Structures are given as structure tokens and as C-alpha cells.
Amino acid sequence: MSEELSLNINIKEPRWDQGTFMGRAKHFFMVTDPRNVLLSSEKLEEARVIVENYRAGTVTPGLTEDELWRAKYTYDSAFHPDTGEKMFVIGRMSAQVPMNMSITGCMLTFYRTTPAVVFWQWVNQSFNAIVNYTNRSGDAPITMNQLGAAYVSATTGAVVTALGLKSLAMRLPPIVSRFVPFAAVAAANCINIPFMRQRELKYGIPVMDENGNRLGESANAAKQAIIQVVVSRIGMAVPAMAIPPVIMNALEKKAFMKVGCNLKKKSFSVLLSSLVFATPLCCALFPQKSSMSVSGLEADLQERIRQLSPETTTVYFNKGL
């Protein structure tokens, strides 16, 4: 009869060292695995029960360490790290690859007319708004009015930016115009993410000591978190939207490409498939459990921490994804 699994495994933290890029990459390859989207509600609930029971000190009979970690990553892929609520399926990071491949393909294909740019930018920014809200930091509730205002602001700002860039590109060489979708997505991320997470910028996000004790809420931490997420999201778009324009512009000048549309489609598909790697690798640019010095926090929060926990010099927080 096998021994019962030890309760000393820390599944509150990732399985791999998050102090290294490789450790973070391994972690996010698990969390963003597109196959997680296909998991049934029963599988997700089973993983939730295993993880919550283990955290409470109860080991499911016959559970192995590998099964525990598998349940932990299944749980992480579908449940919010702060609230514990099941996330809307297309807002999960595991849905990034299939959703972005579909939307990006349409944005790169239909970018020549204004109605097409408006429509696909609206679709893309609506999707991004869902992702940004789903993967927000903190556990404070947001009202439907606040959510609606954030959505309208984010999508409108992003679409207007895309149209402005498209208008500018009409006066530039064709190769430059091919970068309009990427430039629009990059600029839109700088608008969409802060708008959808504006509550964090106003009221702050929870910051904790190294033992997970909540010390307060910080808007400065929220600013750092959102900047890191913006950089990661722009990086995700590079393989599919910044590299293909160069390659396709060169291929289209070749005579065989004028009749070899299948080859063009295959090249396009191969480039889009790079999203499978771009999503986890760009998520891994920064630890999800981010940190900052106490001296970087607001003055009143610094004073509170000095009184509550004078030995604390660094605070930690979930930056979101």
C-alpha cells in the first residue's frame, strides 16, 4: 500500500523557480496550454476540490505528487488567483492562442478598408477587454456601470487609435501599411489595459509580506503591475503581427507566390502558430507574483507597514496577466 502524500508541498506557489525566466516559462506553458480550454466543468471542479482540500490539510486518497501538480495547474488555468471565482472561458489565458490566432488572422487579412479596420479592431479590443477584466489583480468587486464605462472607453480609444494609424499609413510605403495592425494593437493595449483596470489605479491592489499577510492596497503597485502587463501583451503580438508583414511583403514579390496561394496560406499559418510560444514566453517576462520596495509605496501605506511590520522591506502582489 502506497504512503499518503506529504502535506509539505507548497502548491500556493508555482512548481518551478519564479526567480528565473526558464522557471517562469515552464509555469506559464502549463497555465496557458490551449488544451485547458477543452476541460469539462467536471474536470475543473475535481481539480478545485483536490487543491482546496490539500490546502486545508486533507489529501485525496491515492493522490500522487504529479497528480497534485496537474490539479493545481488545471485549477490555476480556470480560477482567479485572488477571488477564487471561475473565470469566463474566453477570458482565460489558455484561450489566448486559439482566440488570437483567429482574430489576428482576420486583422492581417482585412486591413485595407476603414469598415474592416473598425470592425476587427472592435472585435479585438472587446476580446482584450474581457481578458483584461478576467485577469485583473485584486479581489475588490466592480459594478456593472464601472465595467461598462471601462469597456466603452477602452474599445473606443483603441478603435480611434487604429483609424488614426491607418490614415497615416495611407501616405507611407506599402510595407509600412502592413504594420498598421501591429501598431494599432500595441497602442490599443496601452489604452485598453489601464482603462479596464482603472479601479486598481484609483483604489490600489492588495500588497502582502513574504508570508502572504495582507498589508494594505497600493495604487503604485497597480501602476507597476499594469505597465508589466502592457509590455507582455505587446510582446505577444510581435510574432504574429510584426514579423509576417516583412516576410509576406518579400514573398509577394516572387512570381510563384502569385499562383501559389496555398504556400502563402501555409506560411501564414506557420507564423500564426508561433502564438503557442509567444503567449507563455511573454507572460514569463515578469513574475506573476511581482514585488516592489516598501519605499516605492504611498507615504501613508509606508507608515502603516512600519507600524504593523517594521521588518518588512519588500511587498508582493499579483500583477495580473
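Remarks
- Hits in region 225-250 (condition: open to solvent by 40 Å² or more (accessible area, probe 1.4 Å), touching a helix residue (DSSP H, G or I) at 6+ places or on another chain (Cβ under 8 Å) and either of a type in the set (S, T, N, Q) or at pLDDT below 80 (or both)): 238, 243, 246, 247
- Among (1) open to solvent by less than 50 Å² (accessible area, probe 1.4 Å); (2) at pLDDT 80 or above - the single one residue 214 does not satisfy: (1)
- Every residue from region 24-50 that is surrounded by 16 or more Cβ atoms within 10 Å (Cβ to Cβ) and more than 20 Å from residue 135 (Cα to Cα): 46, 50
- Between 97, 49, 59, the distinction of being touching a helix residue (DSSP H, G or I) at 6+ places or on another chain (Cβ under 7 Å) and not hydroxyl-bearing (Ser, Thr, Tyr) belongs to 97 only.
- The listed residues are 49, 59, and the only one of them that is hydrophobic (A, V, I, L, M, F, W, C) and closer than 24 Å to residue 211 by Cβ turns out to be 59.
- Scope region 289-303; condition outside any helix (DSSP H, G or I) and open to solvent by 20 Å² or more (accessible area, probe 1.4 Å); matching residues: 289, 291, 292, 293, 298
- Of everything in region 304-321 that is closer than 13 Å to residue 217 by Cα and part of a helix (DSSP H, G or I), the residue that is most open to solvent (accessible area, probe 1.4 Å) is 304.
- Candidates 153, 126, 137, filtered to the one that is open to solvent by less than 60 Å² (accessible area, probe 1.4 Å) and in contact with a strand residue (DSSP E or B) (Cβ under 8 Å, 6 or more places away or on another chain): 137
- Of all the criteria given as (1) without any contact (Cβ under 8 Å) to a residue 60 or more places away in the chain; (2) assigned to a helix (DSSP H, G or I), the one not satisfied by residue 58 is (2).
The values are calculated or read from the model by the stated rules, or taken from the named source; none is laboratory data. Remember, predicted model here, so these are calculated numbers, not experimental data. Positions of Cβ are backbone-derived with ideal geometry, glycine not excepted, and every protein chain shown enters the neighbour counts. Note: areas computed on protein heavy atoms with side chains; ligands, DNA, RNA excluded. Shrake-Rupley method; radii C 1.70, N 1.55, O 1.52, S 1.80 Å.
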